[in-house]
Amino acid sequence: MAKELRIGLIGYGFMGRTHSNAYKRLNDFFPCEHRPVLKAICGIDPEKAQAFAANWGYERSETDWRKLVDDPGIDVIDIAAPNSVHHEIALAAAKAGKMVFSEKPLALNVAQAEEMVRAVEEAGVPNMVWYNYRRVPAISLAKQLIDEGRIGKTFHYRATYLQDWTISPDVPQGGDALWRLDAAVAGSGVTGDLLAHSIDTAMWLNGPIARVTAKTKTFVTQRQHAVTGKVQPVTIDDACMFLAEFANGSIGTFESTRYARGRKNFNTFEMNGADGSLYFDLEEPEYLQFFEYMQKQSGKKLESHTTGWRKIHTTNSEHPYMDRYWVPGTCIGYEHTFLNALADFVMAIERGERTQPDFRSGLQTQRVCDAVLESAKSGAWVETGVEV
Ligand code: SOE
């Protein structure tokens, strides 16, 4: 008999949908003892919350998240609401003894994130941040190759995360759909929204970022508010570029913008090590590119006219997660990254372990984001304080 994992989801936007899909499909693909039960969805608009509940199969809808936190029939509080409410909800959920999941970035700033880590650790409740890109099979394969020592000592890390949906000055800011353009709700612009993903992936693959120097830019400085109709100053960073020095001595560049015409969700990284390089591009998500430098093996010279990059189609059952899905050569999608993250979490608690990234790991990414924003203001190099 499956054990129930009773879910209370807060937020019915894009992320509420990706998480709900993961809950519904978990047991179809992964051998977990636990079966998610969709108990309640909470959102500020009662009609939208009700429609979401009906569509995805939640037993009920609420407009006050405290009703979910106080409900003894709920095991997990999943925060998929805008960034400004993560902190308050997570603290209350941990106090109530619930497992807590949070969308990224964990918080508005380091001070909030530290309190959230303290709350879940003192309560001893399992916790997770939905940095879903770690669970792209090609990115997990990159991690495996790095751990196997296949690229050797790293010299360079290069990340880009580009979009183009805010170029028009007519795009309003704020409200349900466009809160990502309002720093009071989002914390920052592309730094917390997009670079947070790049930073999480980078530190997972290449270890802690020790110090940064950054430049941010706001191209459109005034926008109409989506709810009030008032024209107001724009407080987010539209673009951010930073240089990083990792604790392992390698150096990195990170670039993000919502003004790269034609780029919809262009999330890439390249790593160059002494023995090899890796390249990933989310627009070709099932491929990992790998260059392996081999000098001599068993007396045979291997560097030759056939040396080159390998474009690995990560769809074999030997590749991370792929034994759970289809036959080799067929691919999985964006939604499966959330499913894979959930499966890792559930299977870890079933083994009595904890999964990554947890809140403590989310705090390290937050430290880098805050250091980037501070450096963009001062123009100086800033120590991140990331735990080594
Ligand atoms: C922003 O457009 C956004 O939806 C981010 O908030 C997500 O985290 C990212 O994965 C896709 O883009």
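Using the per-residue mean of other Cβ atoms lying within 10 Å as a proxy for protection, in what order, highest first, do the peptides 126-139, 55-68 fall?
Descending mean neighbour count gives 126-139, 55-68.
Taking K and R as +1 and D and E as -1, what net charge do the other residues with C-beta under 15 Å from the C-beta of SER84 add up to?
Net local charge, SER84 excluded: -4.
Report, ordered by chain and residue number, the lysines lying within cross-link reach of LYS143, taken as a straight Cα distance under 24 Å and ignoring same-chain residues fewer than 8 apart.
Qualifying lysines at Cα under 24 Å: LYS104, LYS153, LYS311.
Hey, what do the phi angles of segment 159-176 turn into as Karplus ³J(HN,Hα) couplings, whole Hz, using 6.51/-1.76/1.60 and θ = phi - 60°, x for Gly and Pro?
Rounded to whole hertz, the list is 10, 10, 9, 10, 9, 9, 8, 10, 5, 5, x, 7, 5, x, 10, x, x, 3.
Normalised by the number of residues in the chain, what is the relative contact order in percent for Cα pairs under 8 Å and 6+ residues apart?
So the answer I get is 19 percent.
Give the cross-link partners of LYS215 among the lysines, using a straight C-alpha distance below 20 Å as the criterion and excluding same-chain residues fewer than 8 apart.
Here the lysines satisfying the reach criterion relative to LYS215 are LYS377.
Which of PRO31, THR154, LEU106 sits closest to the plus end of the dipole of the chain, meaning its Cα is farthest towards the positive end, when Lys and Arg get +1 and Asp and Glu get -1 on the C-beta?
Toward the positive end, the furthest listed residue is THR154.
Fewest Cβ neighbours within 10 Å first, please rank GLU350, GLU292, GLU103 accordingly.
GLU350, GLU292, GLU103
Would you mind telling me the antiparallel percentage of the DSSP bridges in the chain, rounded to 5?
Details: 44 of 74 bridges.
Approximately 60 percent, going by the DSSP bridge assignments.
To the nearest 500 deg cm²/dmol, what mean residue ellipticity at 222 nm is calculated for the chain from DSSP H runs of n ≥ 4 alone, each contributing -39,500 (n - 2.57), summed and divided by the residues? Could the numbers behind the result be given before it?
Numbers: 11 runs with 123 residues, N = 388.
Result for the chain, helices only: -9500 deg cm²/dmol.
What size of dipole, in debye to the nearest 20, comes out for the chain about its Cα centre when the only charges are +1 on Lys and Arg C-beta atoms and -1 on Asp and Glu C-beta atoms?
Its charge dipole is roughly 580 debye.
Since every read-out is calculated from the coordinates, none of them should be taken as a lab result. Nothing here was measured: the structure is a model prediction, and the numbers come from that model. Every residue, glycine among them, receives a Cβ derived from its backbone with ideal geometry; neighbour counts consider all protein chains shown.
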